[in-house]
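What follows is a short report on a single structure.
The values are calculated or read from the model by the stated rules, or taken from the named source; none is laboratory data. What you see is a predicted model; the values in this text were computed from it and never measured. Glycine gets a Cβ as well: all are built from the backbone with ideal geometry, and neighbour counts include every protein chain shown.
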Amino acid sequence: MRRAISQQEKIQMMQMALPIMTTVMRMSMADSMNYFARKYKAKPGLKFEDVKESLFLRANQLNVKFVGENLMWKDFHAVLNDKESPRIEVYSWCDIAVARELLKISPEFVVFLPCRIVIMEDANKDIWLLMLDWSLDWVKGFEKQLGLTPELVKGAIDLNQRMDEMMRAAANGEL
């Protein structure tokens, strides 16, 4: 485990990245977050449960392990008494071999684990599938400097593609 980085050091690093961050800071929070999300809108006419069933069936076909869920909308209703909240369900998935290799390189990577796919309704009751857009395209050519083994890069790309396939299948209601 590496040392804890102080908040001041983090601020200094972000200020060094200011030329890049300037573009991001001109955006609203919603626009900024949109850059970090990969998302697909479900085909019109599909019900939430249809999308969920397709997601889980495709995960099973692709050998992606389901490891947990957070049914946020139920807490919105029960705790906040917010009956108008959209339905949002967060599902956690894992490829344990990829996770282990990532943690060997950086134990701090655990803050991004496990991988998540969200099914949610928007204000118009349209259904969406979302996940963190963690494409590895930006590290091409820098794998060695980043300490990434060829096996890890291959495994991570494969997992990313399988999760993308899960979302696409669910958005189309494929069984």
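I need the full set of residues from region 78-88 which are surrounded by fewer than 15 Cβ atoms within 10 Å (Cβ to Cβ) and not polar (S, T, N, Q), in order please.
Matches in region 78-88: Ala78, Val79, Leu80, Asp82, Lys83, Glu84.
Exactly one condition in (1) out of contact with any strand residue (DSSP E or B) (no Cβ under 8 Å at 6 or more places or on another chain); (2) buried (at least 18 other Cβ atoms within 10 Å of the Cβ) is false for Trp93; which is it?
With respect to (1) out of contact with any strand residue (DSSP E or B) (no Cβ under 8 Å at 6 or more places or on another chain); (2) buried (at least 18 other Cβ atoms within 10 Å of the Cβ), Trp93 is out only on (1).
Quick check: anything in region 107-121 part of a strand (DSSP E or B), free of Cβ contacts under 8 Å to residues at least 60 places away in the same chain, in contact with a helix residue (DSSP H, G or I) (Cβ under 8 Å, 6 or more places away or on another chain) and more than 20 Å from Pro44 (Cβ to Cβ)?
For region 107-121, residues part of a strand (DSSP E or B), free of Cβ contacts under 8 Å to residues at least 60 places away in the same chain, in contact with a helix residue (DSSP H, G or I) (Cβ under 8 Å, 6 or more places away or on another chain) and more than 20 Å from Pro44 (Cβ to Cβ): present.
In region 136-175, how many residues are closer than 29 Å to Asp126 by Cα and among the small types (Gly, Ala, Ser)?
Selection size over region 136-175: 4.
If I ask for residues that are polar (S, T, N, Q) and either part of a helix (DSSP H, G or I) or closer than 24 Å to Lys104 by Cβ (or both), which ones from region 1-20 would you list?
Of everything in region 1-20, those that are polar (S, T, N, Q) and either part of a helix (DSSP H, G or I) or closer than 24 Å to Lys104 by Cβ (or both) turn out to be Gln7, Gln8, Gln12, Gln15.
Pick out the one residue from Arg2, Arg38 that is exposed (fewer than 10 other Cβ atoms within 10 Å of the Cβ) and basic (Lys, Arg).
So the residue among Arg2, Arg38 that is exposed (fewer than 10 other Cβ atoms within 10 Å of the Cβ) and basic (Lys, Arg) is Arg2.
Taking region 45-104, which residues are at pLDDT below 95, part of a loop (DSSP other than H, G, I, E, B) and among the small types (Gly, Ala, Ser)?
Ser85, the sole residue that qualifies.
Give region 123-140 a look and list any residue that's part of a loop (DSSP other than H, G, I, E, B) and not hydroxyl-bearing (Ser, Thr, Tyr), or say none.
Listed by number, the residues that qualify are Ala123, Asn124, Lys125, Asp126, Asp133, Trp134, Leu136, Lys140.
Just for region 111-135: of the residues that are aliphatic (A, V, I, L, M) and exposed (fewer than 12 other Cβ atoms within 10 Å of the Cβ), which one is farthest from the chain's Cα centre (by Cα)?
My answer is Ala123.
Quick check, is Glu108 among the acidic types (Asp, Glu) and farther than 30 Å from Ala4 by Cα?
No, not satisfied.
Take Leu71 and decide whether it is surrounded by 15 or more Cβ atoms within 10 Å (Cβ to Cβ) and either among the hydrophobic types (A, V, I, L, M, F, W, C) or touching a strand residue (DSSP E or B) at 6+ places or on another chain (Cβ under 7 Å) (or both).
no
Can you tell me how many residues within region 136-157 are surrounded by 13 or more Cβ atoms within 10 Å (Cβ to Cβ) and in contact with a helix residue (DSSP H, G or I) (Cβ under 8 Å, 6 or more places away or on another chain)?
9
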